[in-house]
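Have a look at the structure below before the remarks.
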Amino acid sequence: MNGRVAAALALALSAVFAASVLLPFGSLSALFGEDRALATALVVELRLPRALLAFAYGATLGASGAAVQALFANPLASPDLTGTTSGAALGAVMTVYIAGFTAPIALSMGSVLGALAALTLLLSLAGPKAETATLLLAGLAISALAGALTTLALALAPSPFAFYDAYDWLMGSLIDRSLEQAAFAGLPALLTIFALLRLGPALDRLALGEEVAQSMGHDVTRLRRQVICLTALGVGACVAICGAIGFIGLIAPIFARRLTRGHPGRAMAAAALIGALLLILADLVVRLAPLGRTLPIGVVTALIGAPFFLWLVAHMRWTLRA
Amino acid sequence: MMLTASGLTLPGRLFGASIAIAAGELVCLVGPNGSGKTSLLHALAGIGGAPGTVALEGADPRRLGPALRPASLTYLPASRDIAWPLLARDLIALGGGGADFPELELAPLLDRRLDSLSTGERSRVLIARALAPQPKLLLLDEPTANLDPLWRIRLMALVRSELRAGNRAALVAIHDLDAAARYGDRIVVMDRGRIAAEGLDGPQVAQIFGVERGDGGWRELKPGADPRSSP
(Lines give C-alpha, C1' and ligand atoms only; values in the text may rest on other atoms or scores of the structure.)
Protein backbone atom coordinates (compact mmCIF):
# COMPACT_ATOMS: atom_id res chain seq x y z
CA MET A 1 0.00 0.00 0.00
CA ASN A 2 1.64 3.25 -1.07
CA GLY A 3 1.25 6.54 0.77
CA ARG A 4 -1.34 7.95 -1.62
CA VAL A 5 -3.66 4.96 -1.26
CA ALA A 6 -3.23 5.01 2.53
CA ALA A 7 -4.08 8.72 2.61
CA ALA A 8 -7.16 8.17 0.41
CA LEU A 9 -8.34 5.35 2.67
CA ALA A 10 -7.77 7.43 5.81
CA LEU A 11 -9.63 10.36 4.24
CA ALA A 12 -12.59 8.18 3.23
CA LEU A 13 -12.65 6.70 6.72
CA SER A 14 -12.65 10.17 8.34
CA ALA A 15 -15.48 11.23 6.04
CA VAL A 16 -17.74 8.28 6.86
CA PHE A 17 -16.88 8.62 10.55
CA ALA A 18 -17.93 12.26 10.49
CA ALA A 19 -21.05 11.34 8.51
CA SER A 20 -21.87 8.66 11.07
CA VAL A 21 -21.71 11.19 13.90
CA LEU A 22 -23.35 14.16 12.14
CA LEU A 23 -25.96 12.73 9.71
CA PRO A 24 -28.79 13.50 9.21
CA PHE A 25 -27.30 16.97 9.48
CA GLY A 26 -30.55 18.95 9.09
CA SER A 27 -32.25 17.55 12.18
CA LEU A 28 -29.02 17.76 14.19
CA SER A 29 -28.47 21.45 13.42
CA ALA A 30 -32.14 22.16 14.12
CA LEU A 31 -31.78 20.46 17.50
CA PHE A 32 -28.64 22.52 18.15
CA GLY A 33 -30.72 25.68 17.65
CA GLU A 34 -33.42 24.51 20.06
CA ASP A 35 -31.54 22.71 22.82
CA ARG A 36 -27.78 22.83 22.68
CA ALA A 37 -27.28 20.53 25.69
CA LEU A 38 -29.54 17.85 24.26
CA ALA A 39 -27.84 18.03 20.89
CA THR A 40 -24.40 17.69 22.52
CA ALA A 41 -25.63 14.74 24.57
CA LEU A 42 -27.03 13.12 21.42
CA VAL A 43 -23.66 13.41 19.69
CA VAL A 44 -21.41 12.52 22.62
CA GLU A 45 -23.49 9.86 24.36
CA LEU A 46 -25.26 8.15 21.48
CA ARG A 47 -23.64 8.73 18.12
CA LEU A 48 -19.97 8.95 19.11
CA PRO A 49 -19.86 5.60 20.98
CA ARG A 50 -21.71 4.02 18.09
CA ALA A 51 -19.28 5.37 15.50
CA LEU A 52 -16.28 4.46 17.68
CA LEU A 53 -17.60 0.93 18.12
CA ALA A 54 -18.18 0.55 14.39
CA PHE A 55 -14.63 1.81 13.78
CA ALA A 56 -13.01 -0.48 16.38
CA TYR A 57 -15.05 -3.58 15.54
CA GLY A 58 -14.68 -3.13 11.78
CA ALA A 59 -10.93 -2.54 12.06
CA THR A 60 -10.53 -5.58 14.32
CA LEU A 61 -12.48 -7.79 11.94
CA GLY A 62 -10.41 -6.54 8.99
CA ALA A 63 -7.02 -6.99 10.67
CA SER A 64 -7.94 -10.33 12.30
CA GLY A 65 -9.40 -11.61 9.04
CA ALA A 66 -6.19 -10.75 7.20
CA ALA A 67 -4.13 -12.36 9.98
CA VAL A 68 -6.02 -15.66 10.03
CA GLN A 69 -6.05 -15.77 6.23
CA ALA A 70 -2.26 -15.35 6.26
CA LEU A 71 -1.93 -17.94 9.01
CA PHE A 72 -4.04 -20.60 7.28
CA ALA A 73 -2.66 -19.58 3.84
CA ASN A 74 -6.26 -19.42 2.72
CA PRO A 75 -8.34 -16.42 1.58
CA LEU A 76 -11.53 -17.89 3.02
CA ALA A 77 -10.39 -18.01 6.64
CA SER A 78 -12.18 -15.20 8.46
CA PRO A 79 -13.39 -14.73 12.04
CA ASP A 80 -16.98 -15.62 11.13
CA LEU A 81 -16.30 -18.53 8.77
CA THR A 82 -13.88 -20.09 11.23
CA GLY A 83 -16.51 -20.05 13.99
CA THR A 84 -14.60 -17.47 16.06
CA THR A 85 -17.49 -15.01 16.35
CA SER A 86 -19.98 -17.83 17.09
CA GLY A 87 -17.62 -19.15 19.77
CA ALA A 88 -17.34 -15.68 21.27
CA ALA A 89 -21.14 -15.31 21.30
CA LEU A 90 -21.49 -18.68 23.00
CA GLY A 91 -18.90 -17.69 25.61
CA ALA A 92 -20.74 -14.44 26.35
CA VAL A 93 -24.17 -16.14 26.59
CA MET A 94 -22.82 -18.86 28.88
CA THR A 95 -21.20 -16.24 31.11
CA VAL A 96 -24.33 -14.13 31.47
CA TYR A 97 -27.22 -16.59 31.35
CA ILE A 98 -25.75 -19.81 32.73
CA ALA A 99 -22.93 -18.68 35.04
CA GLY A 100 -24.84 -15.54 36.02
CA PHE A 101 -21.91 -13.09 35.79
CA THR A 102 -23.22 -9.85 34.35
CA ALA A 103 -20.26 -7.52 35.00
CA PRO A 104 -18.91 -6.13 31.69
CA ILE A 105 -15.44 -7.54 32.36
CA ALA A 106 -16.88 -11.03 32.95
CA LEU A 107 -18.86 -10.76 29.72
CA SER A 108 -15.73 -9.75 27.78
CA MET A 109 -13.65 -12.50 29.32
CA GLY A 110 -16.29 -15.14 28.59
CA SER A 111 -16.49 -13.95 25.03
CA VAL A 112 -12.69 -13.96 24.55
CA LEU A 113 -12.47 -17.47 26.00
CA GLY A 114 -15.26 -18.67 23.68
CA ALA A 115 -13.42 -17.23 20.66
CA LEU A 116 -10.15 -18.81 21.81
CA ALA A 117 -11.82 -22.21 22.25
CA ALA A 118 -13.36 -22.02 18.76
CA LEU A 119 -10.03 -21.08 17.10
CA THR A 120 -8.10 -23.75 19.00
CA LEU A 121 -10.67 -26.35 17.99
CA LEU A 122 -10.45 -25.19 14.37
CA LEU A 123 -6.67 -25.46 14.36
CA SER A 124 -6.80 -29.00 15.74
CA LEU A 125 -9.54 -30.04 13.29
CA ALA A 126 -8.34 -28.39 10.10
CA GLY A 127 -4.57 -28.39 10.70
CA PRO A 128 -2.19 -25.48 10.31
CA LYS A 129 -2.19 -25.30 6.51
CA ALA A 130 -5.82 -25.94 5.80
CA GLU A 131 -7.30 -26.94 2.48
CA THR A 132 -10.29 -24.75 1.68
CA ALA A 133 -12.80 -27.57 1.99
CA THR A 134 -11.44 -28.77 5.34
CA LEU A 135 -11.26 -25.25 6.70
CA LEU A 136 -14.80 -24.36 5.65
CA LEU A 137 -16.25 -27.65 6.87
CA ALA A 138 -14.48 -27.41 10.22
CA GLY A 139 -15.55 -23.76 10.55
CA LEU A 140 -19.11 -24.66 9.60
CA ALA A 141 -19.19 -27.47 12.16
CA ILE A 142 -17.84 -25.19 14.90
CA SER A 143 -20.30 -22.40 13.99
CA ALA A 144 -23.21 -24.85 13.97
CA LEU A 145 -22.17 -26.35 17.29
CA ALA A 146 -21.62 -22.97 18.91
CA GLY A 147 -24.93 -21.70 17.51
CA ALA A 148 -26.83 -24.72 18.81
CA LEU A 149 -25.18 -24.47 22.22
CA THR A 150 -25.99 -20.74 22.35
CA THR A 151 -29.66 -21.48 21.66
CA LEU A 152 -29.60 -24.29 24.21
CA ALA A 153 -28.03 -22.03 26.83
CA LEU A 154 -30.70 -19.39 26.22
CA ALA A 155 -33.45 -22.03 26.39
CA LEU A 156 -32.12 -23.40 29.67
CA ALA A 157 -31.40 -19.97 31.17
CA PRO A 158 -33.15 -19.21 34.47
CA SER A 159 -34.52 -15.96 33.01
CA PRO A 160 -37.63 -16.59 30.85
CA PHE A 161 -36.77 -13.45 28.84
CA ALA A 162 -33.29 -14.65 27.86
CA PHE A 163 -34.18 -15.19 24.18
CA TYR A 164 -35.88 -11.84 23.89
CA ASP A 165 -33.03 -10.05 25.69
CA ALA A 166 -30.30 -11.65 23.66
CA TYR A 167 -31.90 -11.49 20.21
CA ASP A 168 -30.88 -7.93 19.29
CA TRP A 169 -27.35 -8.47 20.56
CA LEU A 170 -26.94 -11.85 18.82
CA MET A 171 -27.88 -10.31 15.47
CA GLY A 172 -25.23 -7.63 15.99
CA SER A 173 -26.05 -4.18 17.25
CA LEU A 174 -24.16 -0.94 17.86
CA ILE A 175 -27.22 0.91 19.19
CA ASP A 176 -27.44 2.47 22.67
CA ARG A 177 -23.92 1.59 23.71
CA SER A 178 -22.18 3.88 26.21
CA LEU A 179 -18.72 5.40 25.92
CA GLU A 180 -17.67 2.99 28.67
CA GLN A 181 -18.85 0.03 26.61
CA ALA A 182 -17.07 1.48 23.58
CA ALA A 183 -13.88 1.52 25.65
CA PHE A 184 -14.43 -2.09 26.76
CA ALA A 185 -14.46 -3.19 23.13
CA GLY A 186 -12.20 -0.51 21.69
CA LEU A 187 -9.15 -0.81 23.93
CA PRO A 188 -8.64 -4.58 23.44
CA ALA A 189 -9.43 -4.03 19.76
CA LEU A 190 -6.69 -1.40 19.38
CA LEU A 191 -4.25 -3.56 21.33
CA THR A 192 -5.04 -6.47 19.01
CA ILE A 193 -4.59 -4.41 15.85
CA PHE A 194 -1.26 -2.90 16.90
CA ALA A 195 0.09 -6.26 18.07
CA LEU A 196 -1.05 -7.95 14.85
CA LEU A 197 0.61 -5.23 12.73
CA ARG A 198 3.92 -6.05 14.41
CA LEU A 199 3.55 -9.63 13.14
CA GLY A 200 3.14 -8.43 9.54
CA PRO A 201 6.68 -9.19 8.31
CA ALA A 202 6.58 -12.69 9.80
CA LEU A 203 3.17 -13.37 8.25
CA ASP A 204 4.48 -12.16 4.88
CA ARG A 205 7.39 -14.61 5.08
CA LEU A 206 4.95 -17.35 6.02
CA ALA A 207 3.72 -16.89 2.43
CA LEU A 208 6.97 -18.60 1.37
CA GLY A 209 5.70 -21.72 3.14
CA GLU A 210 5.87 -22.83 6.74
CA GLU A 211 9.15 -24.70 6.29
CA VAL A 212 10.90 -21.80 4.59
CA ALA A 213 9.64 -19.39 7.28
CA GLN A 214 11.08 -21.72 9.91
CA SER A 215 14.36 -22.02 8.05
CA MET A 216 14.49 -18.20 8.07
CA GLY A 217 14.40 -18.19 11.86
CA HIS A 218 10.68 -17.65 12.51
CA ASP A 219 9.07 -19.63 15.30
CA VAL A 220 5.93 -20.59 13.40
CA THR A 221 4.31 -22.34 16.36
CA ARG A 222 4.63 -19.19 18.44
CA LEU A 223 3.45 -17.03 15.55
CA ARG A 224 0.35 -19.21 15.21
CA ARG A 225 -0.35 -18.98 18.94
CA GLN A 226 0.07 -15.19 18.87
CA VAL A 227 -2.32 -14.69 15.95
CA ILE A 228 -4.94 -16.94 17.52
CA CYS A 229 -4.76 -15.32 20.97
CA LEU A 230 -4.81 -11.78 19.53
CA THR A 231 -7.71 -12.55 17.19
CA ALA A 232 -9.64 -14.11 20.06
CA LEU A 233 -8.94 -11.05 22.24
CA GLY A 234 -10.01 -8.46 19.68
CA VAL A 235 -12.97 -10.30 18.20
CA GLY A 236 -14.10 -11.60 21.60
CA ALA A 237 -14.06 -8.15 23.20
CA CYS A 238 -16.06 -6.67 20.30
CA VAL A 239 -18.59 -9.54 20.20
CA ALA A 240 -19.17 -9.12 23.95
CA ILE A 241 -20.37 -5.54 23.37
CA CYS A 242 -21.85 -5.64 19.85
CA GLY A 243 -22.73 -9.27 19.12
CA ALA A 244 -21.68 -11.27 16.10
CA ILE A 245 -21.16 -9.33 12.85
CA GLY A 246 -20.22 -11.38 9.81
CA PHE A 247 -18.44 -11.02 6.49
CA ILE A 248 -16.39 -7.87 7.19
CA GLY A 249 -13.46 -10.08 8.24
CA LEU A 250 -13.74 -12.00 4.97
CA ILE A 251 -14.16 -9.12 2.53
CA ALA A 252 -11.83 -6.43 3.92
CA PRO A 253 -8.61 -8.52 3.61
CA ILE A 254 -9.45 -9.55 0.04
CA PHE A 255 -9.68 -5.89 -1.01
CA ALA A 256 -6.67 -5.04 1.16
CA ARG A 257 -4.38 -7.56 -0.58
CA ARG A 258 -5.11 -5.82 -3.87
CA LEU A 259 -3.44 -2.77 -2.34
CA THR A 260 -0.38 -4.66 -1.06
CA ARG A 261 0.40 -6.65 -4.24
CA GLY A 262 -0.88 -9.81 -2.59
CA HIS A 263 1.30 -9.62 0.54
CA PRO A 264 -0.87 -11.29 3.20
CA GLY A 265 0.92 -9.83 6.23
CA ARG A 266 1.29 -6.21 5.25
CA ALA A 267 -2.36 -6.30 4.10
CA MET A 268 -3.42 -6.16 7.76
CA ALA A 269 -3.16 -2.36 8.04
CA ALA A 270 -5.20 -1.79 4.88
CA ALA A 271 -7.67 -4.48 5.95
CA ALA A 272 -8.18 -2.69 9.28
CA LEU A 273 -8.95 0.59 7.51
CA ILE A 274 -11.24 -1.08 4.97
CA GLY A 275 -13.01 -3.11 7.68
CA ALA A 276 -13.67 0.05 9.70
CA LEU A 277 -14.90 1.83 6.58
CA LEU A 278 -17.26 -1.02 5.66
CA LEU A 279 -18.77 -1.38 9.13
CA ILE A 280 -19.33 2.36 9.56
CA LEU A 281 -20.98 2.40 6.12
CA ALA A 282 -23.16 -0.58 7.08
CA ASP A 283 -24.18 1.24 10.25
CA LEU A 284 -25.05 4.34 8.21
CA VAL A 285 -27.32 2.12 6.08
CA VAL A 286 -28.94 0.84 9.28
CA ARG A 287 -29.53 4.38 10.54
CA LEU A 288 -30.54 6.11 7.37
CA ALA A 289 -32.53 3.40 5.51
CA PRO A 290 -36.09 4.71 5.27
CA LEU A 291 -37.73 1.58 6.66
CA GLY A 292 -39.35 3.10 9.73
CA ARG A 293 -37.54 0.61 11.95
CA THR A 294 -33.98 -0.40 12.77
CA LEU A 295 -32.32 -3.31 10.98
CA PRO A 296 -29.79 -5.40 12.92
CA ILE A 297 -26.37 -4.47 11.50
CA GLY A 298 -25.38 -8.14 11.26
CA VAL A 299 -28.23 -8.58 8.79
CA VAL A 300 -26.95 -5.70 6.63
CA THR A 301 -23.37 -7.05 6.51
CA ALA A 302 -24.71 -10.54 5.75
CA LEU A 303 -26.98 -9.26 2.97
CA ILE A 304 -23.99 -7.57 1.32
CA GLY A 305 -21.37 -10.14 2.34
CA ALA A 306 -23.12 -13.45 1.64
CA PRO A 307 -23.55 -12.85 -2.12
CA PHE A 308 -19.91 -11.73 -2.25
CA PHE A 309 -18.91 -14.91 -0.45
CA LEU A 310 -20.92 -17.05 -2.88
CA TRP A 311 -19.27 -15.28 -5.81
CA LEU A 312 -15.87 -15.87 -4.19
CA VAL A 313 -16.51 -19.58 -3.65
CA ALA A 314 -17.81 -19.97 -7.20
CA HIS A 315 -14.71 -18.32 -8.64
CA MET A 316 -12.24 -19.69 -6.16
CA ARG A 317 -9.17 -19.99 -8.28
CA TRP A 318 -5.66 -18.74 -7.94
CA THR A 319 -6.37 -15.54 -9.78
CA LEU A 320 -8.99 -14.58 -7.22
CA ARG A 321 -6.78 -15.21 -4.27
CA ALA A 322 -5.39 -11.72 -4.59
CA MET B 1 35.23 -28.42 8.14
CA MET B 2 32.86 -25.56 7.50
CA LEU B 3 29.77 -27.45 8.60
CA THR B 4 29.69 -30.24 11.11
CA ALA B 5 26.48 -31.80 12.34
CA SER B 6 25.96 -34.88 14.44
CA GLY B 7 23.29 -36.83 16.24
CA LEU B 8 20.47 -35.29 14.18
CA THR B 9 17.27 -37.08 15.07
CA LEU B 10 13.64 -36.78 13.97
CA PRO B 11 11.39 -39.53 15.38
CA GLY B 12 10.69 -42.17 12.75
CA ARG B 13 12.61 -40.37 10.00
CA LEU B 14 16.16 -39.54 11.04
CA PHE B 15 18.28 -41.61 13.43
CA GLY B 16 21.33 -39.76 14.67
CA ALA B 17 22.62 -38.63 11.26
CA SER B 18 26.02 -36.92 11.07
CA ILE B 19 27.55 -34.98 8.21
CA ALA B 20 30.53 -32.69 7.61
CA ILE B 21 31.02 -30.37 4.64
CA ALA B 22 34.16 -28.38 3.76
CA ALA B 23 34.17 -24.79 2.51
CA GLY B 24 33.56 -24.60 -1.22
CA GLU B 25 32.18 -28.11 -1.36
CA LEU B 26 29.03 -29.13 -3.21
CA VAL B 27 27.73 -32.30 -1.59
CA CYS B 28 24.96 -34.24 -3.29
CA LEU B 29 22.60 -36.14 -1.03
CA VAL B 30 21.07 -39.21 -2.64
CA GLY B 31 18.90 -42.02 -1.36
CA PRO B 32 15.68 -43.91 -2.10
CA ASN B 33 12.29 -42.33 -1.41
CA GLY B 34 11.74 -41.99 2.32
CA SER B 35 15.43 -42.45 3.17
CA GLY B 36 15.55 -39.16 5.11
CA LYS B 37 17.12 -36.68 2.64
CA THR B 38 14.51 -33.99 3.24
CA SER B 39 14.50 -34.70 6.97
CA LEU B 40 18.27 -34.17 7.10
CA LEU B 41 17.93 -30.84 5.25
CA HIS B 42 15.14 -29.86 7.69
CA ALA B 43 17.24 -30.75 10.70
CA LEU B 44 20.15 -28.64 9.41
CA ALA B 45 17.83 -25.73 8.56
CA GLY B 46 16.25 -25.72 12.02
CA ILE B 47 12.84 -26.90 10.80
CA GLY B 48 10.93 -28.97 13.30
CA GLY B 49 13.49 -28.63 16.09
CA ALA B 50 15.48 -31.86 15.66
CA PRO B 51 17.83 -32.76 18.53
CA GLY B 52 21.52 -32.91 17.63
CA THR B 53 24.33 -30.46 17.13
CA VAL B 54 24.95 -28.24 14.11
CA ALA B 55 27.99 -25.98 13.80
CA LEU B 56 28.45 -23.69 10.82
CA GLU B 57 31.86 -22.04 11.13
CA GLY B 58 31.71 -22.90 14.80
CA ALA B 59 28.29 -21.45 15.63
CA ASP B 60 24.83 -23.02 15.56
CA PRO B 61 22.89 -21.30 12.73
CA ARG B 62 19.61 -22.57 14.17
CA ARG B 63 19.96 -20.07 17.01
CA LEU B 64 19.98 -17.08 14.66
CA GLY B 65 16.84 -14.96 14.34
CA PRO B 66 15.16 -13.79 11.11
CA ALA B 67 17.53 -10.82 10.71
CA LEU B 68 20.70 -12.93 10.51
CA ARG B 69 19.55 -16.39 9.46
CA PRO B 70 19.27 -15.86 5.66
CA ALA B 71 22.93 -14.76 5.49
CA SER B 72 23.85 -17.95 7.32
CA LEU B 73 21.72 -20.55 5.55
CA THR B 74 18.82 -20.78 3.14
CA TYR B 75 16.58 -23.72 2.33
CA LEU B 76 14.78 -24.53 -0.91
CA PRO B 77 11.90 -26.98 -0.34
CA ALA B 78 10.98 -29.59 -2.91
CA SER B 79 7.47 -28.15 -3.21
CA ARG B 80 7.11 -25.31 -5.72
CA ASP B 81 3.65 -24.30 -4.39
CA ILE B 82 3.14 -20.82 -3.01
CA ALA B 83 -0.27 -20.07 -1.52
CA TRP B 84 -0.45 -16.39 -2.50
CA PRO B 85 -0.12 -14.97 -6.01
CA LEU B 86 2.77 -12.62 -5.26
CA LEU B 87 4.89 -10.96 -7.92
CA ALA B 88 8.10 -12.86 -8.63
CA ARG B 89 10.20 -9.86 -7.53
CA ASP B 90 8.28 -9.61 -4.25
CA LEU B 91 8.76 -13.29 -3.52
CA ILE B 92 12.52 -13.01 -4.04
CA ALA B 93 12.62 -9.91 -1.82
CA LEU B 94 10.76 -11.75 0.98
CA GLY B 95 13.74 -14.11 1.16
CA GLY B 96 15.83 -11.31 2.61
CA GLY B 97 18.54 -11.15 -0.05
CA GLY B 98 19.54 -8.54 -2.58
CA ALA B 99 21.82 -10.40 -4.98
CA ASP B 100 20.89 -10.53 -8.65
CA PHE B 101 21.51 -13.53 -10.91
CA PRO B 102 21.59 -12.68 -14.62
CA GLU B 103 22.27 -16.37 -15.28
CA LEU B 104 18.70 -17.22 -14.26
CA GLU B 105 17.28 -14.80 -16.88
CA LEU B 106 14.57 -13.63 -14.52
CA ALA B 107 14.09 -10.12 -15.95
CA PRO B 108 10.98 -11.00 -18.02
CA LEU B 109 9.47 -12.86 -15.04
CA LEU B 110 10.01 -10.36 -12.22
CA ASP B 111 6.82 -8.37 -12.71
CA ARG B 112 4.61 -11.39 -13.29
CA ARG B 113 2.48 -13.06 -10.67
CA LEU B 114 3.60 -16.52 -9.56
CA ASP B 115 0.30 -18.07 -10.65
CA SER B 116 0.96 -16.94 -14.21
CA LEU B 117 4.36 -18.70 -14.40
CA SER B 118 5.00 -22.25 -15.56
CA THR B 119 6.29 -24.69 -12.96
CA GLY B 120 9.79 -24.45 -14.37
CA GLU B 121 9.73 -20.64 -14.36
CA ARG B 122 8.41 -20.67 -10.81
CA SER B 123 11.26 -23.01 -9.85
CA ARG B 124 13.80 -20.50 -11.15
CA VAL B 125 12.16 -17.73 -9.12
CA LEU B 126 12.15 -19.86 -5.96
CA ILE B 127 15.78 -20.82 -6.54
CA ALA B 128 16.67 -17.13 -6.90
CA ARG B 129 14.93 -16.55 -3.53
CA ALA B 130 17.22 -19.14 -1.91
CA LEU B 131 20.39 -17.86 -3.62
CA ALA B 132 19.77 -14.11 -3.19
CA PRO B 133 20.90 -13.79 0.47
CA GLN B 134 24.23 -15.41 -0.59
CA PRO B 135 24.22 -17.68 2.46
CA LYS B 136 27.19 -19.61 3.78
CA LEU B 137 25.21 -22.84 3.53
CA LEU B 138 22.76 -23.62 0.73
CA LEU B 139 20.31 -26.44 1.48
CA LEU B 140 18.54 -27.35 -1.75
CA ASP B 141 15.89 -30.06 -2.04
CA GLU B 142 15.57 -31.28 -5.63
CA PRO B 143 16.57 -27.95 -7.21
CA THR B 144 16.57 -29.38 -10.74
CA ALA B 145 13.09 -30.93 -10.56
CA ASN B 146 10.73 -29.31 -13.11
CA LEU B 147 13.65 -27.82 -15.04
CA ASP B 148 14.41 -28.71 -18.64
CA PRO B 149 17.86 -30.17 -19.49
CA LEU B 150 19.39 -26.81 -20.39
CA TRP B 151 18.22 -25.16 -17.17
CA ARG B 152 19.41 -28.13 -15.11
CA ILE B 153 22.90 -27.62 -16.46
CA ARG B 154 22.76 -23.85 -16.04
CA LEU B 155 21.40 -24.09 -12.48
CA MET B 156 24.04 -26.50 -11.25
CA ALA B 157 26.74 -24.39 -12.93
CA LEU B 158 25.35 -21.35 -11.12
CA VAL B 159 25.38 -23.11 -7.74
CA ARG B 160 28.94 -24.21 -8.44
CA SER B 161 30.05 -20.66 -9.33
CA GLU B 162 28.32 -19.27 -6.22
CA LEU B 163 30.39 -21.62 -4.06
CA ARG B 164 33.56 -20.45 -5.73
CA ALA B 165 32.73 -16.88 -4.72
CA GLY B 166 33.63 -17.28 -1.08
CA ASN B 167 33.50 -19.28 2.08
CA ARG B 168 30.37 -21.17 1.17
CA ALA B 169 29.03 -24.70 0.80
CA ALA B 170 25.96 -26.50 -0.52
CA LEU B 171 24.08 -29.68 0.33
CA VAL B 172 21.82 -30.70 -2.53
CA ALA B 173 19.27 -33.52 -2.28
CA ILE B 174 18.84 -35.04 -5.71
CA HIS B 175 17.28 -38.20 -7.15
CA ASP B 176 19.19 -38.31 -10.42
CA LEU B 177 22.30 -40.38 -9.63
CA ASP B 178 24.08 -39.37 -12.84
CA ALA B 179 23.53 -35.69 -12.07
CA ALA B 180 24.80 -36.27 -8.53
CA ALA B 181 27.94 -37.90 -9.93
CA ARG B 182 28.43 -35.10 -12.44
CA TYR B 183 27.89 -32.09 -10.17
CA GLY B 184 28.79 -33.22 -6.66
CA ASP B 185 32.28 -32.92 -5.22
CA ARG B 186 31.14 -35.70 -2.98
CA ILE B 187 28.07 -37.93 -2.81
CA VAL B 188 26.48 -38.91 0.47
CA VAL B 189 24.05 -41.81 0.36
CA MET B 190 21.19 -42.02 2.84
CA ASP B 191 19.20 -45.10 3.73
CA ARG B 192 16.47 -45.53 6.34
CA GLY B 193 17.22 -42.32 8.20
CA ARG B 194 20.99 -42.79 8.39
CA ILE B 195 24.05 -41.82 6.35
CA ALA B 196 24.81 -45.17 4.74
CA ALA B 197 27.69 -44.61 2.34
CA GLU B 198 29.91 -42.15 0.47
CA GLY B 199 30.06 -42.27 -3.31
CA LEU B 200 28.12 -44.48 -5.70
CA ASP B 201 30.65 -47.22 -6.37
CA GLY B 202 30.37 -49.51 -3.36
CA PRO B 203 28.35 -52.74 -3.59
CA GLN B 204 26.22 -51.46 -0.70
CA VAL B 205 24.85 -48.66 -2.91
CA ALA B 206 23.33 -51.10 -5.38
CA GLN B 207 21.67 -52.85 -2.45
CA ILE B 208 20.29 -49.56 -1.09
CA PHE B 209 18.81 -48.37 -4.36
CA GLY B 210 17.98 -51.70 -5.89
CA VAL B 211 19.68 -50.61 -9.13
CA GLU B 212 23.04 -51.28 -10.74
CA ARG B 213 25.05 -49.60 -13.46
CA GLY B 214 24.75 -51.39 -16.78
CA ASP B 215 25.78 -50.68 -20.35
CA GLY B 216 22.76 -48.50 -21.11
CA GLY B 217 22.72 -46.68 -17.76
CA TRP B 218 21.05 -47.67 -14.51
CA ARG B 219 18.92 -50.82 -14.47
CA GLU B 220 17.00 -52.73 -11.87
CA LEU B 221 19.04 -55.09 -9.74
CA LYS B 222 17.76 -58.68 -9.63
CA PRO B 223 14.44 -58.06 -11.42
CA GLY B 224 11.47 -59.11 -9.33
CA ALA B 225 13.24 -59.07 -5.99
CA ASP B 226 13.60 -56.00 -3.77
CA PRO B 227 17.09 -56.18 -2.27
CA ARG B 228 16.00 -53.74 0.46
CA SER B 229 13.64 -56.34 1.93
CA SER B 230 16.50 -58.76 2.71
CA PRO B 231 19.34 -57.84 5.09
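The modelled label-to-label distance between A:LEU303 and B:ALA22, using points 7 Å beyond Cα along the C-beta direction, is 7.7 nm. Remark: relative contact order (the stretch B:96-231) = 16 percent; criterion is Cα-Cα distance under 8 angstrom and separation of 6 or more residues. Close amide-amide hydrogen proximity is noted between B:GLY193 and B:GLY36, each under 5 Å apart and 5 or more residues distant or on a separate chain (H modeled in the peptide plane; Pro and chain starts excluded). Counting only protein heavy atoms and a 1.4 Å probe, the protein assembly as shown has 43 square angstrom of accessible area per residue.
Across q = 0.10, 0.16 Å⁻¹, chain B modelled as identical point scatterers on its alpha-carbon atoms has Debye log10 I(q)/I(0) values of -0.47, -1.15, in the order of the q list. Taking one quarter of the surface of the C-alpha convex hull of the stretch A:62-180 gives a mean projected area of 7.6 nm². Across the stretch A:169-175, computed HN-Hα scalar couplings (Karplus, 6.51 cos²θ - 1.76 cosθ + 1.60, θ = phi - 60°) run 5, 4, 7, x, 8, 10, 7 Hz from first to last residue, x flagging Gly and Pro.
First compute the accessible area of the stretch A:3-321 with a 1.4 Å probe, then give the percent of it belonging to carbon and sulfur atoms. Could the numbers behind the result be given before it?
Working: 9530 of 13580 Å².
Within the stretch A:3-321, the accessible surface is 70 percent carbon and sulfur.
If r is the Cβ-Cβ distance from A:LEU140 to A:VAL43 and R0 is 45 Å, what FRET efficiency results, to the nearest 0.05?
Working: r = 42 Å, r/R0 = 0.93.
Rounded to the nearest 0.05, the efficiency is 0.60.
B:GLU220 exposes around 110 Å² of accessible area when a 1.4 Å probe is run over every protein chain in place.
A cut-off of 5 Å between modelled amide H atoms, ignoring neighbours fewer than 5 places along the same chain, links B:ARG186 with B:LEU26, B:CYS28. Dividing the C-alpha radius of gyration of chain A by 2.2 N^0.38 Å, with N its residue count, gives 0.98. Scalar couplings 3J(HN,Hα) for the stretch B:142-150, obtained by applying the Karplus form with A = 6.51, B = -1.76, C = 1.60 to θ = phi - 60°, are 6, x, 8, 4, 6, 9, 6, x, 5 Hz; x denotes Gly and Pro.
For B:ALA169, the residues 5 or more places off, or on other chains, whose built amide H falls under 5 Å of its own are B:GLY24, B:LEU137, B:LEU138.
Overall dimensions of the protein assembly as shown, expressed as equivalent-ellipsoid semi-axes from the Cα gyration tensor (√(5λ), whole Å, largest first), are 55, 25, 19. Kindly state, to the nearest 0.05, the FRET efficiency for A:SER14 paired with A:ALA289, given R0 = 25 Å and r defined as their beta-carbon distance. Approximately 0.60, to the nearest 0.05.
Nearest 100 Å², what total accessible surface is buried between chain A and chain B (probe 1.4 Å)? Could the numbers behind the result be given before it?
Working: alone 14940 and 10950 Å², together 23530 Å².
Chains A and B together bury approximately 2400 Å².
Please find the FRET efficiency linking A:ARG4 to A:LEU310, where r is the Cβ-Cβ separation and R0 is fixed at 25 Å, and quote it to the nearest 0.05. Could the numbers behind the result be given before it?
Numbers: r = 33 Å, r/R0 = 1.32.
Approximately 0.15, to the nearest 0.05.
The values are calculated or read from the model by the stated rules, or taken from the named source; none is laboratory data. Source: prediction; values computed, not measured. Because the Cβ atoms are built from the backbone with ideal geometry, glycine has one as well, and the counts that use them run over all protein chains shown. Ligands, DNA and RNA are stripped out before the accessible areas are found, and what is left, the full protein with its side chains, is counted by its heavy atoms. Shrake-Rupley method; radii C 1.70, N 1.55, O 1.52, S 1.80 Å.
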